[in-house]
Amino acid sequence: MGSVTETKFEVLNDELASKIDKILSENAYDSTKLVGILLDVQDVVPKKYVPMDVAAYVAAKLNIPLTGVYDVITFYASLSEKPRADHVINLCKSIVCKTNNYMDLQKSLEKFLGIKVGEATEDGKFALEYSACFGACDVAPAIKIDQDVYGKLTDEKLIEIINSYR
């Protein structure tokens, strides 16, 4: 494989490369921060995933093997190597959310979106996934849409929030 500049990219373009460079710079090109870097990178990639060309770009910029980047992507459930929906809804299933009846919230989300956990809506707008705790125990049960956290949800509030992302 040639250098990053010689490689034909499928998703990576100059605008996305600039955003990734900013993320890398903010993290001082420190490969020990790879998980956080990849989470931030995933957020700026359309469809919220880390495609091969982007992973190769990050690996080259951090001077680490591509296999190391892919090991991280495939190990952490919050990272994806496959395209997802425009907005990923993470449903917390920590012990606190479990004791606060997160299943009721899950049922409401599944009914309103017409999908089950692990699926995406037909229009590709939303995906519903389980997540480990994201620190919203004080408002449990909680969801996170992209990077925004919501808790203490009624069905009406949930519908209002989801509709605000359409």
Q: Filter the range 54-69 for residues that are crowded, with 19+ Cβ neighbours inside 10 Å and not small (Gly, Ala, Ser) and give the result.
A: Val54, Tyr57, Val58, Leu62, Val69
Q. Going through the range 101-117 one residue at a time, which ones are in a loop (DSSP other than H, G, I, E, B) and touching a strand residue (DSSP E or B) at 6+ places or on another chain (Cβ under 9 Å)?
A. Ile115, Lys116, Val117
Q: Filter the range 118-134 down to the residues that are touching a strand residue (DSSP E or B) at 6+ places or on another chain (Cβ under 8 Å) and free of Cβ contacts under 8 Å to residues at least 24 places away in the same chain, then identify the one that is surrounded by the most Cβ atoms within 10 Å (Cβ to Cβ).
A: Glu119
Q) With (1) loosely packed, with under 14 Cβ neighbours inside 10 Å; (2) at pLDDT 90 or above as the list, and Lys144 as the residue in question, which single condition is left unmet? A) (1)
Q) Of the residues that sit in the range 98-119 and are of a type in the set (A, V, I, L, M) and touching a helix residue (DSSP H, G or I) at 6+ places or on another chain (Cβ under 9 Å), which one is farthest from Glu160 (Cα to Cα)? A) Val117
(Q) I'd like the full set of residues that are part of a loop (DSSP other than H, G, I, E, B) and under 11 Å from Lys93 (Cβ atoms), limited to the range 135-144. (A) Ala140, Pro141
Q) Are any residues in the range 38-53 buried (at least 18 other Cβ atoms within 10 Å of the Cβ), closer than 17 Å to Leu128 by Cα and out of contact with any Phe, Trp or Tyr (no Cβ under 7 Å at 6 or more places or on another chain), and if so, which ones? A) Lys48, Tyr49
Q) Failed condition for Leu158, given (1) touching a residue at least 40 places away in the same chain (Cβ under 8 Å); (2) part of a strand (DSSP E or B), with all others met? A) (2)
Q) So, of the residues in the range 46-74 that are free of Cβ contacts under 8 Å to residues at least 24 places away in the same chain and either assigned by TED's automatic domain parsing to the domain that holds Cys133 or β-branched (Val, Ile, Thr) (or both), which turns out to be farthest from Gln147 (Cα to Cα)? A) Thr67
Q) Taking Asp43 and the conditions (1) modelled with pLDDT of 95 or more; (2) assigned to a helix (DSSP H, G or I), which numbered condition does it fall short on, given that it satisfies the others? A) (1)
Q | Residue that is nearest to Val54 (Cα to Cα) [pool: residues in the range 77-97 that are free of Cβ contacts under 8 Å to residues at least 40 places away in the same chain and either part of a helix (DSSP H, G or I) or touching a helix residue (DSSP H, G or I) at 6+ places or on another chain (Cβ under 8 Å) (or both)] | A | Glu81
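The values are calculated or read from the model by the stated rules, or taken from the named source; none is laboratory data. Only a predicted model underlies this, so the values are computations on that prediction, with no experimental measurement involved. In this analysis, Cβ positions are derived from the backbone assuming ideal geometry, glycine residues included, and neighbour counts consider all displayed protein chains.
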